[in-house]
Amino acid sequence: MHNIVLIGFMGSGKSSVGKRLAQSLGWDFVDTDYEIAAITNLSVAEIFRRHGETRFRSEERIVVARLSQKRQLVIATGGGTVLNQLNWDALARNGIMIGLHASLDAILSRIGHKNDRPLLKGPREEIEKLWSERQKYYVQADFTIDTTQKTIDEVVSEILELLERVGINEFTRSSEN
Ligand code: S3P
């Protein structure tokens, strides 16, 4: 049995969708940012502030290596997780990669003022640049769902239909085959 891995830009809904999807499937939900915070005893923002992004990425690498060995997990990644090819490969080996897409406007309005994400602190142009540069990674997902105009429940239903169609038991692409 494989994992379901949600990828996409910050604010695309990975954690909210992932939690509800896991509930529907009766699987466990994990969030890589949460795991990193638990291991380091620091919030993501604190790790960036005190130790820098390099340290965060190295903790992220360790968390991904561990989680990608498991089964029946819904994994919400951080927006930058799959930019590292090693992370992509580890997650994709045992999981279906589902990209959650959202327009930049939708992302900015979802995030609103309560912005504790270190990489979304800059002006709109800076965020737009990051968003654009990253699309080439996210589009490599096995499936992509546009969440822009949808509620969490609508996105979850779409993923469940997708899994039904694909047949998660038969979705085999692992090196064990
Ligand atoms: C990041 C996204 C964040 C978090 C960190 C870096 C990124 O996760 O991992 O702030 O590089 O896009 P979310 O996508 O859950 O906000």
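The values are calculated or read from the model by the stated rules, or taken from the named source; none is laboratory data. Just so it is clear, the model here is predicted, and its values are computed rather than measured. Don't worry about glycine lacking a Cβ; one is built from the backbone with ideal geometry, like all the others, and counts go over all protein chains shown. Side chains included, ligands, DNA and RNA excluded: accessible areas come from the protein's heavy atoms. Shrake-Rupley method; radii C 1.70, N 1.55, O 1.52, S 1.80 Å.
So that you can scan it fast, the table gives a plain yes or no per residue for (1) closer than 20 Å to Leu130 by Cβ; (2) open to solvent by less than 40 Å² (accessible area, probe 1.4 Å); (3) modelled with pLDDT under 95:
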residue: Ser12; (1), (2), (3): yes, yes, no
residue: Val17; (1), (2), (3): no, yes, no
residue: Asp89; (1), (2), (3): no, no, no
residue: Ile98; (1), (2), (3): no, yes, no
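Arg66 is checked against (1) open to solvent by 40 Å² or more (accessible area, probe 1.4 Å); (2) over 16 Å from the mean Cα position of the chain (by Cα) and fails just one. What number does that condition carry?
Evaluating Arg66 over (1) open to solvent by 40 Å² or more (accessible area, probe 1.4 Å); (2) over 16 Å from the mean Cα position of the chain (by Cα) leaves (2) as the failure.
Restricting attention to region 58-85, which residues are among the charged types (D, E, K, R) and touching a residue at least 60 places away in the same chain (Cβ under 8 Å)?
Filtering region 58-85 down to residues among the charged types (D, E, K, R) leaves 59-61, 66, 70-71.
Scanning region 58-85 gives Lys70, Arg71.
Mind listing just one residue for me: the one in region 30-63 that is surrounded by fewer than 18 Cβ atoms within 10 Å (Cβ to Cβ) and not in a helix (DSSP H, G or I) and, of those, nearest to the ligand (Cβ to nearest atom)?
Ser43
Which pairs have Cβ atoms under 9 Å, sit 6 or more apart or on different chains, and link a residue in region 141-161 that is over 21 Å from Trp27 (Cα atoms) and charged (D, E, K, R) to one that is open to solvent by 60 Å² or more (accessible area, probe 1.4 Å) and outside any strand (DSSP E or B)?
Lys150/Glu158
Among residues belonging to region 69-81 that are among the small types (Gly, Ala, Ser) and more than 13 Å from Lys19 (Cα to Cα), point out the one that is surrounded by the fewest Cβ atoms within 10 Å (Cβ to Cβ).
Keep residues of region 69-81 that are among the small types (Gly, Ala, Ser), which gives 76, 78-80.
With the extra rule that they be more than 13 Å from Lys19 (Cα to Cα), the set shrinks to 78-80.
Values: Gly78: 25, Gly79: 23, Gly80: 18.
Here the residue is Gly80.
Give the residue, chosen from Ile159, Ile111, Ile152, Ile145, that is open to solvent by less than 90 Å² (accessible area, probe 1.4 Å), among the hydrophobic types (A, V, I, L, M, F, W, C) and within 11 Å of Met10 (Cα to Cα).
Numbers: Ile159 fails: within 11 Å of Met10 (Cα to Cα); Ile152 fails: within 11 Å of Met10 (Cα to Cα); Ile145 fails: within 11 Å of Met10 (Cα to Cα).
Being open to solvent by less than 90 Å² (accessible area, probe 1.4 Å), among the hydrophobic types (A, V, I, L, M, F, W, C) and within 11 Å of Met10 (Cα to Cα) holds for just one of Ile159, Ile111, Ile152, Ile145, which is Ile111.
As an exercise: evaluate Leu100 against (1) outside any helix (DSSP H, G or I); (2) within 11 Å of the ligand (Cβ to nearest atom); (3) out of contact with any Gly (no Cβ under 7 Å at 6 or more places or on another chain) and give the number of the one condition it does not meet.
(3)
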